[in-house]
Amino acid sequence: MKRAVNIAELRRLAKRRLPRVVFDYIDGGAGAEATLRENCRAFERVRFRPRNAVAAGPCTLETTVLGTTIDLPFLLAPVGSSRLFYPRGECAAAAQAGAAGTVYTLSTLSGCSLEDVRAASQGPLWYQLYLVGGREVATQAIRRARTAGYRALVVTIDTPVAGLRERDLRNGGAELCSGSLPRMLPHVPQLLAHPRWLMDFLADGGMMKFPNVVLPGRGAMPYADVGGALENSSVSWKDLEWIRGEWSGPILVKGVLTGGDARRAVDAGAEAIGVSNHGGRQLDDVAPSLDALPEVIEAVGGRAEVILDGGVRRGSDVVKALCLGARAVMVGRAYAYGLAAAGGDGVARAIGILRDDVIRTLRLLGCHDVAALDSTYVQTLAG
């Protein structure tokens, strides 16, 4: 881990450790993966305009998101099924986020319970909500999150169905989760080719369930049910009304790419907007998150905080998003690669790489406080 100098190297380590089906679950996107690629390329179209000959000094990275002061201008995004990457993956990631002084966001579709993740971390936690299992099941999860001390609710609105992730289809993801030996057998060799991961996976209990989706009379939802459950659980603006009634804390609506949706989210009671295309994993050929950011910020007009998610692989990407008006940035794949490579140590390394790069970028930019960043520090090239 100490020899990994950037997120791309953590990605290579993750690819080496994981079976193809698991690595591609992290790494892949929807359709032809155009949006997945453009999420990163959008940052390359932003150029810095540094202020040179500025006296050196310590850098201030502290910011406030939804009333919580954090030590870094980035937080860990919800990444489903993290327990497949590494034993007790969500707990490991949450612990490292807390140690770094930032937020960890737990996905509904996690392999560790809300309560266990809370016990694993000393830092602030948010809970990401899908309506899988229906309103009654989601309500129970909201109440558990409130009781456990989660500070904000992240409502994802861009998953009426799962995106067409062709890598998952080719790798036999559905077959491996089916429980049917004849369907599984053609795809088992890729698991056997990674014995270290396989031993960890079996020692951690094998195929995970979703302990935060407790179905009446059935208990925790099995992993194989997730595709159908998502198709029956799409969220509507009307759902925001009862969610708001169940949750008294701040709400972030994640999956917004247009000014119209941003205004509707604020009108529905959202205190923050997550500009996100789900990491290019849902509808392909939509705008990169960074390109959608200005329209959303203008539409919100200061009535809510705006957080960017998607394509962040370097600390300089974080700084560019802040210059363009984001309050903070969510990182998903960046820490998921670290988690898959080496568990908590890998997450810590990913956070450290991004933190050091933010500091280096600020110093070279001639700005020593993230709160002072604005659009005068960048220029955006034509796409």
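Nothing in this text is a laboratory measurement; each read-out follows from the coordinates by a stated rule. Here the structure is a predicted model, which means the values were calculated and not measured. Positions of Cβ are generated from backbone atoms using ideal geometry, with glycine treated the same way; all protein chains shown enter the neighbour counts.
Each peptide in 174-183, 104-113 gets a packing score, the mean of other Cβ atoms within 10 Å over its residues, and the list from highest to lowest is 104-113, 174-183.
The count of lysine pairs in the chain whose Cα atoms are under 30 Å apart, excluding pairs fewer than 8 places apart on the same chain, comes to 9. For V155, the residues whose modelled amide H falls within less than 5 Å of its own, excluding neighbours fewer than 5 places apart on the same chain, are L129, L252, V253, K254. Here R16 and L185 are evaluated by their C-beta separation; at R0 = 22 Å the FRET efficiency comes out at 0.35. Of all beta bridges that DSSP places with both ends in the stretch 7-380, some 25 percent have antiparallel geometry. The modelled label-to-label distance between R45 and W237, using points 7 Å beyond Cα along the C-beta direction, is 2.8 nm. The three principal axes of the Cα atoms in the stretch 1-149 give end-to-end lengths of 58, 38, 30 Å, sorted in falling order.
Once backbone amide H atoms are built at 1.01 Å from N, V161 has no partners under 5 Å, excluding neighbours fewer than 5 places away on the same chain. If R0 is taken as 22 Å, the Cβ-Cβ distance between D200 and D356 corresponds to a FRET efficiency of 0.15. Among G315, G249, G31, the residue with the largest mean-square fluctuation in a Gaussian network model of the chain, with springs joining Cα atoms closer than 10 Å, is G249. Counting Lys and Arg as +1 and Asp and Glu as -1 over every other residue whose Cβ lies under 9 Å from the Cβ of G259, the net charge comes to -2. For the stretch 248-383, the Kirkwood hydrodynamic radius comes to 15.7 Å, computed from all pairs of different C-alpha atoms.
The value of relative contact order for the chain, using C-alpha pairs under 8 Å at least six residues apart, is 28 percent. Projecting label points 7 angstrom from Cα along Cα→Cβ for A119 and A99 puts them 1.9 nm apart. Eigenvalues of the alpha-carbon gyration tensor of the stretch 243-288, scaled by 5 and square-rooted, set the equivalent ellipsoid semi-axes at 23, 11, 7 angstrom, largest first. On the principal axes of its alpha-carbon atoms, the chain has extents of 66, 48, 40 Å, going from largest to smallest. Residues whose amide H comes within less than 5 Å of that of A220, counting only those at least five positions distant or on another chain, are L215 (H built at 1.01 Å from N in the peptide plane). When each full DSSP H helix of the chain is screened for a Cα extent of at least 18 Å along its own axis and an average Kyte-Doolittle hydropathy of at least 0.0, the helices passing are 333-365.
Sketch the reach of a paramagnetic label on A32 as a point 7 Å from Cα along Cα-to-Cβ, and name the residues of the stretch 276-304 whose backbone nitrogen lies under 14 Å away. Counting only backbone N, you get 284-286.
A Förster radius of 41 Å, combined with the Cβ-Cβ distance separating R3 from T258, puts the computed FRET efficiency at roughly 0.45. Between A56 and A372, the distance separating the two model label sites (each 7 Å from Cα on the Cα→Cβ line) works out to 1.6 nm.
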